[in-house]
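Structure first, commentary second.
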Amino acid sequence: MNIDEFLSYCRSLDVKIWLDGERLRYSAPSGTLTPELLAEMRSRKAEILKCLHTTQIQPICPAARNGDLPLSFAQQRIWFLEQMGDKSAVYNLAGALKIEGTLDVAALEQSLREIIQRHEILRTNFAIANGQPTQVISLSWNFTLPVVDLRSLPVADREVEMQRLISAEQERPFDLTQGALWRWKLLQLDRNEYFLLVVIHHIIADAWTFAVIFRELQALYTAFASGKPSPLPDLPIQYADFAVWQRQRSPKEVLETELSYWQQQLDGAPTVLQLPSRPRPPVQTYRGATQVFTLPSSLTAALKSVSQQAEATLFMTLLAAFNILLHRYTGAIDILVGSPIANRDRAETESLVGFFVNTLVLRTDLSGNPSFRELLKRVREVALGAYTHQNLPFEKLVETLPLERDLSYSPLFQVMFVFQNVPIADIKLPDLTMHPVRIDSPTAQFDLTLDLTETKSGLIGRLEYNTDLFEADAIARMVGHFQTLLEGIVADRDRCISDLPILTSWEWQQLVEWNRSSADDSKDICIHQLFAAQVERTPDAVAVVLEDKQLTYRQMDRQANQLARYLKKLGVKPETLVGICVERSLEMVVGLLGILKAGGAYVPLDPAYPQERLAWMIADSGVTVLLTQKKLLEYLPEHQAHTICLDADWQAISQENEDNPANEVKPENLAYVIYTSGSTGKPKGVAIQHKSLVSFTKSAIVEYEIDRCDRVLQFASLSFDVAAEEIYPCLSCGGTLVLRTEEMLTIATFVQKCWDWGLTVLDLPTAYWHQLTTELANANLTLPDSLRLVIFGGERALPEKLSSWYGYVGDRPQLINAYGPTETTVEATICKLSHSHARSPLAPLNKGGDLALRNREGGKDLVAPLNQEGGKDLIAPLNQEGGKDLIAPLQKGGWGDRLREIPIGRPMPHVQVYVLDRYLQPVPIGVPGELYIGGAGVARGYLNRPDLTQERFIPNPWEKSKFKSQKSKLIPNSEFRIPNSNSRLYKTGDLVRYLPDGNIEFLGRIDRQVKIRGFRVELGEIEAILAQHPKVREIAVTVWEDHLEDKRLVAYIVPSQGQILTTNELQSFLKEKLPNYLLPSAFVMLETMPLTPNGKLDRHALPAPTNRPELVEAYVVPQTETERVIAAVWQEMLQLEKVGIDDNFFNIGGHSLLLVKVQVKLNQIFDRELSVIDMFKYPTIKALANYLNRRSREKLNSQLGQNRAATRSDRASARQQKRQFRQMHRATNERGRD
């Protein structure tokens, strides 16, 4: 390695090398300077001297105290952040000494007083002068050490009280403008046992500061306890001198070189690391907690060996492992992690109290699935480069880079990694020992901070986390994953990072238990045979009803047999596809059964589809026979299939024998082919076999408890596979299938028909269930007592609708959220949402470990009832005590503390589900992954699409025979295979995660397929059709969700040069080719598509659809006096000639410090308290002016209201006085008459 890399390597080991005149000096932590490293330093002494001379920076000298003293860059950033909100304790640092022995309290107090006097920074406050923050240093400070004697408490209570006092001190904020920015407190626990606590603001200290203070305390206490003077030499400089020097020290070209490196290093870096967590609050609260763990010394030793063999440091090895963990949690391959560096590489700063620490941004490339050995090389290179360019203050980097400002997360990185290999040693004095104690913070500056300290007994870890984002049990699992990962690295560092284990043995076993399925006994039966068996049991029961028409099981069976025989004569046999294009009718059900009994497979063709789409489906499927109705003939496209009208041709069909035809069908034969949206612009046919349909039907009967007493509504279109769920379970167990009429789509009529027909089971699209839920309450409608089960599915269900349902409808009927792609036969998972159901995520706590939803006051259910204050629902809002959700008091390991999504549940009995990462490895509980579905429901594939079938239907990598090779001592009992599982998995493209209770939560799509009102939509299909328009040059289609209930398709169009397109023209074009549910509701014309830096379409930059006319030009002149005043201030601060009222402050050169200057100036001009938060919220002149004017009106109205109230009060008082006077006068007159 060259000399720069060698010096960076030394810095990474915390080896300090500096010039003392012409002599070379160095210092290093104990055990760091190995004989090999020392020899290399000696052999390269000349190179080191030359390099240090070349880069030598001017010495730090005392600065004059007759002017304003600036803040260091690090101080300035913390000062700015402190201005942004209410005073908080987020930047409070805490340390402590546990003291055992005979303590001289007076000597201790004198020692602390001397430390305060030695270090100016401990006597510093902060003020604003000329719009800039400055340091204000007091010459002296009165100090008395507070002592709290806890000996009067019982021994068991002393520790509790001590922790309470520590927490109270930690959580009490400082005022930077006045008072000490530190607090000392001595707690006496016993005669010879004390606890010395110090809480200090980060703006005047860093972690190194505690070592400086404790070292000086040792020397001073030893002297003062013996009656001797201070043995410490005077400090040559103070922290303020460093701050002045830092701003003047480097030639401009040196800083530019450093900045150029970091700009190049961070170019195109991701903005935020999306860890699996709760939604971010709009503004960080910094609420935090810490989990402490220990890694055994044997593992620590093995990791050090790995590091030495790779010529890396333990820091680099642990950072590489942490990056893998973050990668496995997020899927990100470009990860930024912050890491602090002491920044005390000059001898004069080593003994100073103050905030010197700098932060390095370490960017790791994990692309290509490298081995750990290769990744460690990458991390080593990144770390050495960072250490070489460590002198640029992080604050200067943030100020310079064009970063997107967002109050919900920290800039550049959200995860910090800290490694300490020099823990503060015990302080041993005569008759006294002081043990440094680490005090964990109740706050978190970042999403996650992994802090590892090397000790003799191994690595001690602390995982600090933001409690707004993470739960304690999720962090506990993360710690287990990290240790498992480290063990895997030690075992085999040549494994690819995707193959390294992270799941604990407990988690493996849990996944197996959640995925167990029942044996499939559907191998020797077909779906129509289930119906035939039911005909034998209940021949005279009513099978199907449409208004005043009905068929018994016997009647329907005979008609289906006649149709089957008729079709067989036309050549229908197993694997023959038969089209069926009919309206909802008795003939529809007869037609389905007739096709199945003939041995064929049906292909639903919706009469409402455009002719072009129907023509494609008929041609692609190759149907030779087409069942329809006479009135639909004119709507059918031209085709070559033999057409049979089930109404007009029934006379001929009815001549066939009514007995069951000979069965030639095998369970492996096709039952139906349903076409779904396709990304190429053409729909694709999903081929479902009898065995899959039978397995699903049997599972549905069991899970939904369908029996002969049920009256099931047939709601869905036949082209939607949910129709199979409504039809076959019902007709396989003697229930009555009730066909929906078109008039039932209106909610009032729907509810009335539910009453009239005595329906017991409903299966509804989610969007319709949303509408039903809303209208039930709005129109004061009630569901019939006969209704026992409501199933909904097809797209994301809204939690607030579930809340409304339980608030208005209650716990009956039972409610089920069903999920399943067409490719896995109707449904794969279900979530039983009723509180009374044992597997429901809303169920009360029971012995099986399900979730508790009962509060602590009387055990009342928090979900179903309405409360008594205003009738508000208890599940939806957040309460006022800490912002916690009212559904929160669940037991550990359960649902979590916020019902923000309705889960899709657990696998049905015939299904197995796998949540896998991109390398087909199971992901941990709570971590997003793609859902893969196996079991008996997996389709044969896509009709005529072997390429797509091979892509989406993959061999099951977790079959027992294959998984055995994955076993190791790290994964005991790791058999992740279920008996009788199908040999293939369907790759759903759905992003999901396991919840701690075993339910699965749907998070979105990995590809661009979406659900709109229950319909599966491939955005690429719409784009492909629009691209065929001769006037369209570029096209992008996306989904906008203006409100939670309003998802809509929006098309963005770049017209061909010189062409003008209208919405009407585009809609007319699409209506000929696409069904209505695929038509965009808005079209936005663009001159060019927004692109990312690497030239890809930037979908996040697409403008919101609007019905308003085009915006005016970019520059808009300030109109009002308020706008003109703000614009003048902006122009002055930004040094711009003109600023428009729609210009964003941060887009025209503004940054954090300038924002504070603007805020100060505007507060002086307008004479009001305008906060930095307000400036962030309203970053344009127009928005800010409107806000200020609104505030003025509100203040004026409030004042007028107060004046009117005072006037009314005065008048009332005058009237009261007059009344009292009259009463007194009357009383006097009465006495006079007496």
query = Do any strands (runs of 3 or more DSSP E) entirely within segment 553-654 hold 2 or more residues that are within 30 Å of residue 537 (Cα to Cα), and if so, which?
reply = 577-581, 601-604
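Going by what's in this entry, would residue 988 be described as part of a strand (DSSP E or B) and at pLDDT 50 or above?
Details: part of a strand (DSSP E or B): yes; at pLDDT 50 or above: yes.
Taking the combined requirement at face value, the residue satisfies it.
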Residue 718 in contact with a Leu (Cβ under 7 Å, 6 or more places away or on another chain), of a type outside the set (Lys, Arg) and surrounded by 22 or more Cβ atoms within 10 Å (Cβ to Cβ) = no
ask   = Out of (1) surrounded by fewer than 19 Cβ atoms within 10 Å (Cβ to Cβ); (2) modelled with pLDDT of 95 or more; (3) under 30 Å from residue 789 (Cβ atoms), what's the single condition that is false for residue 619?
value = (3)
inquiry  = Checking the structure you have, find out if any residue of segment 77-91 is surrounded by fewer than 15 Cβ atoms within 10 Å (Cβ to Cβ) and not small (Gly, Ala, Ser).
reply    = yes
query = When you go through (1) loosely packed, with under 15 Cβ neighbours inside 10 Å; (2) within 24 Å of residue 996 (Cβ to Cβ); (3) not basic (Lys, Arg) one by one for residue 260, which number turns out not to apply?
reply = (2)
ask   = Among the residues of segment 337-355 satisfying the criterion of being at pLDDT 90 or above and hydrophobic (A, V, I, L, M, F, W, C), which is surrounded by the fewest Cβ atoms within 10 Å (Cβ to Cβ)?
value = 341
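Within the group 443, 433, which residue is touching a residue at least 40 places away in the same chain (Cβ under 8 Å), of a type in the set (Val, Ile, Thr) and surrounded by fewer than 18 Cβ atoms within 10 Å (Cβ to Cβ)?
Details: 443 fails: surrounded by fewer than 18 Cβ atoms within 10 Å (Cβ to Cβ).
One residue alone meets the criteria, 433.
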ask   = If residue 1112 satisfies every condition in (1) surrounded by 18 or more Cβ atoms within 10 Å (Cβ to Cβ); (2) at pLDDT below 85; (3) over 30 Å from residue 1028 (Cβ atoms) but one, which is the exception?
value = (1)
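Looking only at segment 360-377, how many residues end up being touching a residue at least 40 places away in the same chain (Cβ under 8 Å) and touching a strand residue (DSSP E or B) at 6+ places or on another chain (Cβ under 9 Å)? Break it down into steps so the answer makes sense when it comes.
Just the residues of segment 360-377 that are touching a residue at least 40 places away in the same chain (Cβ under 8 Å), to begin with: 361-364, 366, 369-373, 375-377.
Applying the additional criterion that residues be touching a strand residue (DSSP E or B) at 6+ places or on another chain (Cβ under 9 Å) yields 361-364, 366, 369-372, 375.
So the count comes out to 10.
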message = Testing residue 502 on (1) in a loop (DSSP other than H, G, I, E, B); (2) of a type in the set (Val, Ile, Thr); (3) within 24 Å of residue 644 (Cα to Cα), one condition comes back false. Which one is that?
response = (3)
query = Any idea which of 1215, 1204, 1222, 1190 is assigned to a helix (DSSP H, G or I), out of contact with any helix residue (DSSP H, G or I) (no Cβ under 9 Å at 6 or more places or on another chain) and either surrounded by 14 or more Cβ atoms within 10 Å (Cβ to Cβ) or at pLDDT 80 or above (or both)?
reply = 1190
key: Count - residues of segment 783-803 that are under 23 Å from residue 700 (Cα atoms), touching a strand residue (DSSP E or B) at 6+ places or on another chain (Cβ under 6 Å) and outside any strand (DSSP E or B)   = 3
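For every residue, the table says whether it meets (1) under 17 Å from residue 417 (Cα atoms); (2) among the hydroxyl-bearing types (Ser, Thr, Tyr).
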position: 306; (1), (2): no, no
position: 318; (1), (2): yes, no
position: 326; (1), (2): yes, no
position: 329; (1), (2): yes, yes
position: 351; (1), (2): no, yes
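Only residues that are among the hydroxyl-bearing types (Ser, Thr, Tyr) and either crowded, with 22+ Cβ neighbours inside 10 Å or modelled with pLDDT of 95 or more (or both): list them for segment 454-503, please. Give the steps one after another, and end with the answer.
First pass over segment 454-503, keeping only residues among the hydroxyl-bearing types (Ser, Thr, Tyr): 455, 457, 465, 467, 484, 498.
The answer is 465, 467, 484, 498.
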note = Output for Cβ contacts, cut-off 8 Å, separation at least six or different chains, first residue free of Cβ contacts under 8 Å to residues at least 40 places away in the same chain in segment 604-619, second buried (at least 19 other Cβ atoms within 10 Å of the Cβ) and β-branched (Val, Ile, Thr), reads 607/582
query = Inside segment 474-496, can you point out the residues that are within 15 Å of residue 323 (Cβ to Cβ), outside any helix (DSSP H, G or I) and not basic (Lys, Arg)?
reply = 496
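With the condition being over 30 Å from residue 228 (Cβ atoms), I'd like the helices (runs of 4 or more DSSP H) fully within segment 72-174 carrying at least 2 qualifying residues. I'd like the intermediate steps shown before the answer.
Values: elements: 73-83, 105-118, 155-171.
Output list reads 73-83, 155-171.
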message = Among the residues of segment 770-777, are any outside any loop (DSSP other than H, G, I, E, B), surrounded by 21 or more Cβ atoms within 10 Å (Cβ to Cβ) and at pLDDT below 90?
response = yes
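Take residue 179 and decide whether it is part of a loop (DSSP other than H, G, I, E, B), of a type in the set (Gly, Ala, Ser) and free of Cβ contacts under 8 Å to residues at least 60 places away in the same chain. Break it down into steps so the answer makes sense when it comes.
Values: part of a loop (DSSP other than H, G, I, E, B): yes; of a type in the set (Gly, Ala, Ser): yes; free of Cβ contacts under 8 Å to residues at least 60 places away in the same chain: yes.
Here the answer is yes, as residue 179 does meet what is asked.
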note = Picking from 780, 817, the residue that is assigned to a loop (DSSP other than H, G, I, E, B) and either surrounded by 20 or more Cβ atoms within 10 Å (Cβ to Cβ) or out of contact with any Pro (no Cβ under 6 Å at 6 or more places or on another chain) (or both) would be 780
request  = Of the numbered conditions (1) assigned to a loop (DSSP other than H, G, I, E, B); (2) at pLDDT 80 or above; (3) surrounded by fewer than 17 Cβ atoms within 10 Å (Cβ to Cβ), residue 1068 fails exactly one; give the number of that condition.
outcome  = (1)
message = If residue 313 satisfies all but one of (1) at pLDDT below 95; (2) outside the structural domain of residue 421 (by TED's automatic domain parsing), what's the number of the condition it fails?
response = (2)
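Are any residues in segment 558-598 among the hydroxyl-bearing types (Ser, Thr, Tyr) and free of Cβ contacts under 8 Å to residues at least 60 places away in the same chain, and if so, which ones? Break it down stepwise before answering.
Step one: filter segment 558-598 for residues among the hydroxyl-bearing types (Ser, Thr, Tyr), giving 566, 576, 585.
Passing the criteria: only 576.
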key: Enumeration of residues in segment 1021-1071 that are touching a helix residue (DSSP H, G or I) at 6+ places or on another chain (Cβ under 6 Å) and more than 19 Å from residue 1102 (Cα to Cα)   = 1029
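The values are calculated or read from the model by the stated rules, or taken from the named source; none is laboratory data. Here the structure is a predicted model, which is why all the values come from computation and not from measurement. Cβ atoms come from the backbone with ideal geometry, glycine included; neighbour counts cover every protein chain shown.
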